[in-house]
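Just below is one structure, and these are the notes that go with it.
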Amino acid sequence: IEDVDAAFKQINNKLNQESFFILEYANKRNLLEIIRKFLGRSTIDPFSMDPQKRGDGIFYNFHPTYIKEKLEANGFVVEQELMVSLFRSQLLKKVFGKNILGLVESMFQRTFGFFKLSPSVFVRARKIKTV
């Protein structure tokens with residue numbers, strides 16, 4: 001999404017009052033990106049509110065506060081957020097298996113959700129007003 005306000009406004013206009021909007025976005029303030037920044041290996045600033053692309057890619061990475069503010073400005077209230085892809089490593093999948101990693105991730109999704117350090121975030125937002 002390049003124009004987040006326009007997209008969220010359009011989604012809001014298509015939904016009935018009290019409907020839900022499920023959104024998944026790439027979180028630029030994830031733990032790996034923060035480490036990359038401190039090591040000087042990233043062009044993305046994980047602490048900036050501005051959406052950013054990685055390299056020449058077509059996908060934007062967003063700061064969690066930016067997404068929350070844009071949802072609220074466009075008539076939504078965030079009801080739930082889940083941190084996903086915490087263990088995106090092929091090595092971890094090979095060593096522990098997908099089932100174990102899935103179980104561990106499900107335990108961490110809400111426990112560490114406050115920190116929003118995962119590379120992907122799912123949001124359930126409810127429409128509270130038409131914009």
Percentage relative contact order, region 5-57, counting C-alpha pairs under 8 Å, at least six apart: 22
Region 65-114, relative contact order in percent, only Cα pairs under 8 angstrom and at least six apart counted: 39
Within the accessible area of the chain (1.4 Å probe), percent carbon and sulfur: 58
Rounded tilt (10° steps) of 4-14 against the dominant C-alpha axis of the chain: 60
In order through region 15-31: 3J(HN,Hα) via Karplus (6.51 cos²θ - 1.76 cosθ + 1.60), integer Hz, x for Gly, Pro: 9, 6, 4, 6, 6, 10, 10, 9, 10, 10, 9, 7, 8, 6, 9, 8, 4
Fully extended contour minus Cα-Cα distance, from Glu69 to Arg54, at 0.36 nm per residue: 3.2 nm
Top positive-direction residue, dipole computed over region 22-106 with Cβ charges, set Ile35, Tyr60, Ser106: Ile35
The chain - percent relative contact order, Cα under 8 Å, separation 6 or more: 40
From phi via Karplus (6.51, -1.76, 1.60), per-residue ³J(HN,Hα) for region 55-64 in Hz, x at Gly/Pro: x, 9, x, 9, 9, 8, 10, 10, 7, x
Helical contribution to [θ] at 222 nm, DSSP H n ≥ 4, -39,500 (n - 2.57), averaged over the chain, rounded to 500: -11000 deg cm²/dmol
Dmax and Rg, reported as Rg then Dmax, of the chain (C-alpha, Å): 16.0, 49
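The values are calculated or read from the model by the stated rules, or taken from the named source; none is laboratory data. What you are looking at is a predicted structure, and each value in this text was computed from that prediction instead of being measured. In this analysis, Cβ positions are derived from the backbone assuming ideal geometry, glycine residues included, and neighbour counts consider all displayed protein chains. Note: accessible area is taken over every heavy atom of the protein model, side chains too, but ligands, DNA and RNA are not part of it. Shrake-Rupley method; radii C 1.70, N 1.55, O 1.52, S 1.80 Å.
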